[in-house]
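K.L.:
Sharing a structure below in structure tokens format, with a few things to ask.
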Amino acid sequence: GAGVSQSPSNKVTEKGKDVELRCDPISGHTALYWYRQSLGQGLEFLIYFQGNSAPDKSGLPSDRFSAERTGGSVSTLTIQRTQQEDSAVYLCASSALGQEQFFGPGTRLTVL
Amino acid sequence: AQRVTQPEKLLSVFKGAPVELKCNYSYSGSPELFWYVQYSRQRLQLLLRHISRESIKGFTADLNKGETSFHLKKPFAQEEDSAMYYCALSPAGRDDKIIFGKGTRLHILP
């Protein structure tokens, strides 16, 4: 397969606007993860989906952040009312049960 | 609290010299430890994990539970080793989120 894909690759938005970031996991992978990579903060866990279980949302930094995973496949991370501190690279990863996580190329978000 | 600490932001090493990237972790249970690597313009990828005790691209890492460390070592650095290295832990093994350190940029000097 082609691996984990993410779109868009780059997103520039104005402060206060909402954005949606998409992740297409590797086919058959039951687990999907979102991370944020920002300067000075390294990589931060955001949210984790595993099959039909309730997602682990413990890493979401505020209620402006939410994510969905439809049909156990594609996931969308939504950031409402974006702030400049949301600027970062957002990484998605997927894994089969008990296997390593494979990462996508990321979406670079710039909030002006 | 779960934490991974990489004390060096940047490490410069001459080609052929030994490399050691330091990593310390804080976790009350028995996490799984990993090293991830990100080469320039490439995706983040798994380098090695402690349970497999393998050597990848000449790199090894030994888990020291007493010192809560998981340092990454290579006896002879190569120019292609230049990359960003992240130490990480997973509280419940591979089916769980990963807690990353802030990373160390390794620069191999010719």
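K.L.:
Let me confirm something: among A:Ala93, A:Ala31, A:Ala67, which residue is modelled with pLDDT of 95 or more, within 21 Å of B:Ala88 (Cα to Cα) and buried (at least 16 other Cβ atoms within 10 Å of the Cβ)?
P.N.:
Selected residue: A:Ala93, the only one of A:Ala93, A:Ala31, A:Ala67 that is modelled with pLDDT of 95 or more, within 21 Å of B:Ala88 (Cα to Cα) and buried (at least 16 other Cβ atoms within 10 Å of the Cβ).
K.L.:
Can you tell me which residue among B:Arg43, B:Arg49, B:Arg53 is out of contact with any helix residue (DSSP H, G or I) (no Cβ under 9 Å at 6 or more places or on another chain) and over 23 Å from A:Ala31 (Cα atoms)?
P.N.:
When all the criteria are applied, what remains is B:Arg53.
K.L.:
Select from segment B:53-77 the residues that are of a type outside the set (D, E, K, R) and over 14 Å from the mean Cα position of the chain (by Cα) and write down the one among them that is surrounded by the fewest Cβ atoms within 10 Å (Cβ to Cβ).
P.N.:
Result: B:Gly66.
K.L.:
Take the residues of segment A:96-108 that are under 20 Å from B:Asp96 (Cβ atoms), surrounded by 13 or more Cβ atoms within 10 Å (Cβ to Cβ) and not acidic (Asp, Glu): which is farthest from the other protein chains (Cβ to nearest Cβ)?
P.N.:
A:Ala96
For every residue, the table says whether it meets (1) among the polar types (S, T, N, Q); (2) more than 14 Å from chain A (Cβ to nearest Cβ); (3) more than 26 Å from A:Gly59 (Cβ to Cβ).
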{"residue": "B:Ser28", "(1), (2), (3)": "yes, yes, no"}
{"residue": "B:Gln38", "(1), (2), (3)": "yes, no, no"}
{"residue": "B:Leu46", "(1), (2), (3)": "no, no, no"}
{"residue": "B:Arg53", "(1), (2), (3)": "no, yes, yes"}
{"residue": "B:Ile56", "(1), (2), (3)": "no, no, yes"}
{"residue": "B:Leu89", "(1), (2), (3)": "no, no, no"}
{"residue": "B:Ala92", "(1), (2), (3)": "no, no, no"}
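K.L.:
For segment A:59-82, enumerate the residues that are assigned to a strand (DSSP E or B), farther than 15 Å from A:Ser95 by Cα, of a type outside the set (Val, Ile, Thr) and away from every other protein chain (no Cβ under 14 Å).
P.N.:
The answer is A:Phe65, A:Ser66, A:Glu68, A:Leu77.
K.L.:
Being crowded, with 18+ Cβ neighbours inside 10 Å and of a type in the set (A, V, I, L, M) is the filter; apply it to segment B:12-42 and report the residue that is farthest from B:Lys65 (Cα to Cα).
P.N.:
B:Val13
K.L.:
Only residues in segment B:64-87 that are among the small types (Gly, Ala, Ser) count as the first member; pair them with residues that are part of a loop (DSSP other than H, G, I, E, B), Cβ under 6 angstrom, at least 6 apart or cross-chain, and list the lot.
P.N.:
That search, which allows pairs on different chains as well, returns B:Ala77/B:Lys15; B:Ala77/B:Ala17; B:Ala83/B:Tyr39.
K.L.:
If you scan segment B:31-52, which residues turn out to be over 9 Å from the mean Cα position of the chain (by Cα) and β-branched (Val, Ile, Thr)?
P.N.:
The answer is B:Ile51, and nothing else.
K.L.:
In addition: Take the conditions within 25 Å of A:Phe102 (Cα to Cα), in contact with a strand residue (DSSP E or B) (Cβ under 8 Å, 6 or more places away or on another chain), hydroxyl-bearing (Ser, Thr, Tyr) and in a loop (DSSP other than H, G, I, E, B) and apply them to B:Ser40. Does it pass?
P.N.:
yes
K.L.:
Here are B:Val37, B:Val19, B:Val13: which of them is touching a residue at least 40 places away in the same chain (Cβ under 8 Å) and closer than 20 Å to A:Tyr35 by Cβ?
P.N.:
None of the other options fit; the residue is B:Val37.
K.L.:
If I filter segment A:39-55 for residues that are surrounded by 19 or more Cβ atoms within 10 Å (Cβ to Cβ), farther than 18 Å from B:Ser90 by Cα and among the small types (Gly, Ala, Ser), do I get at least one hit?
P.N.:
Within segment A:39-55 (the criterion being surrounded by 19 or more Cβ atoms within 10 Å (Cβ to Cβ), farther than 18 Å from B:Ser90 by Cα and among the small types (Gly, Ala, Ser)), the answer is no, since none of the residues qualifies.
K.L.:
Are any of the residues in segment B:24-32 within 16 Å of B:Arg105 (Cα to Cα), part of a strand (DSSP E or B) and at pLDDT 95 or above?
P.N.:
No, there is no match, as no residue in segment B:24-32 is within 16 Å of B:Arg105 (Cα to Cα), part of a strand (DSSP E or B) and at pLDDT 95 or above.
K.L.:
Facing chain B (nearest Cβ under 8 Å) and touching a Gly at 6+ places or on another chain (Cβ under 8 Å), is that true of A:Leu91?
P.N.:
Judged against the criteria, A:Leu91 is a match.
K.L.:
What strands (runs of 3 or more DSSP E) lie completely within segment A:11-58 and have 2 or more residues being under 16 Å from the mean Cα position of the chain (by Cα) and within 12 Å of another protein chain (Cβ to nearest Cβ)?
P.N.:
Correct list: A:31-38, A:42-50.
The values are calculated or read from the model by the stated rules, or taken from the named source; none is laboratory data. Predicted model only: the values in this text are computed from it and were never measured. Methodologically, a virtual Cβ is constructed for each residue, glycine included, from the backbone with ideal geometry; neighbour enumeration extends over all protein chains shown.
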